[in-house]
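The values are calculated or read from the model by the stated rules, or taken from the named source; none is laboratory data. Because the structure is predicted, anything quoted here is derived from the model rather than measured. Note: ideal-geometry Cβ built from the backbone for every residue, glycine included; neighbour counts use all protein chains shown.
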Amino acid sequence: MRDLANTFDLGFFDLDNPVKAFDDPNGAVKTALFNYGIACVVYLVAGRILERLIRP
């Protein structure tokens, strides 16, 4: 699943260079959820904009 997510992150939301990194005991999970969650919101907004442009 991580390989698929890394394929579509466009280099902005990857876990090797995260937007925000957490350093507590569950930091890896929180970092993944935060960064991929932001990517999800960005893709939803971009999809909405493209839908408005394509559909009259």
(request) Could you list, in sequence order, all residues of region 8-20 that are more than 11 Å from the chain's Cα centre (by Cα) and modelled with pLDDT under 85? (result) D16, N17
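So that you can scan it fast, the table gives a plain yes or no per residue for (1) exposed (fewer than 15 other Cβ atoms within 10 Å of the Cβ); (2) modelled with pLDDT of 75 or more:
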| position | (1), (2) |
| --- | --- |
| F22 | no, yes |
| A28 | yes, yes |
| Y36 | no, yes |
| L44 | yes, yes |
| P56 | yes, no |
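With β-branched (V, I, T), touching a residue at least 24 places away in the same chain (Cβ under 8 Å) and not in a loop (DSSP other than H, G, I, E, B) as the only criterion, which of I38, I49 stands out?
Numbers: I49 fails: touching a residue at least 24 places away in the same chain (Cβ under 8 Å).
Going through I38, I49 in turn, just one is β-branched (V, I, T), touching a residue at least 24 places away in the same chain (Cβ under 8 Å) and not in a loop (DSSP other than H, G, I, E, B): I38.
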